[in-house]
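Okay, structure first, notes after.
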Amino acid sequence: MKPWKKLIVIGCILALMLPAFGCSDEGTAEKAGKKIDQAVDDAKDSAKKMFE
């Protein structure tokens, strides 16, 4: 196998492994986003109950 083909194969393997070793801990932005999503869902539910 030619050297440039080996490099491409190694690059593809590393790219496929990237999601497996990505960060598993939630950051502060993710936590804040989930809180905002929950607040919006609660507001929607309250509005639906109000107009029933």
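The values are calculated or read from the model by the stated rules, or taken from the named source; none is laboratory data. Keep in mind that what you see is a predicted model, and the values were worked out from it rather than measured. A quick note on method: Cβ atoms are made from the backbone with ideal geometry, for glycine too, and the neighbour counts reach across all protein chains shown.
Restricting the search to the stretch 30-52, which residues are among the polar types (S, T, N, Q) and not in a helix (DSSP H, G or I)?
Keep residues of the stretch 30-52 that are among the polar types (S, T, N, Q), which gives 38, 46.
Within the stretch 30-52, no residue meets the criteria.
Can you tell me how many residues within the stretch 15-29 are loosely packed, with under 10 Cβ neighbours inside 10 Å and either of a type in the set (D, E) or part of a helix (DSSP H, G or I) (or both)?
If we filter the stretch 15-29 for residues that are loosely packed, with under 10 Cβ neighbours inside 10 Å, which is where we start, we get 15-16, 18-25, 27-29.
With the extra rule that they be either of a type in the set (D, E) or part of a helix (DSSP H, G or I) (or both), the set shrinks to 15-16, 18-21, 25, 28-29.
Within the stretch 15-29, residues that are loosely packed, with under 10 Cβ neighbours inside 10 Å and either of a type in the set (D, E) or part of a helix (DSSP H, G or I) (or both) number 9.
Quick one: is K34 at pLDDT 85 or above and over 26 Å from the mean Cα position of the chain (by Cα)?
no
Would you check if there is a residue in the stretch 38-45 being under 15 Å from the mean Cα position of the chain (by Cα) and on the phi < 0 side of the Ramachandran plot?
There is no residue in the stretch 38-45 that is under 15 Å from the mean Cα position of the chain (by Cα) and on the phi < 0 side of the Ramachandran plot.
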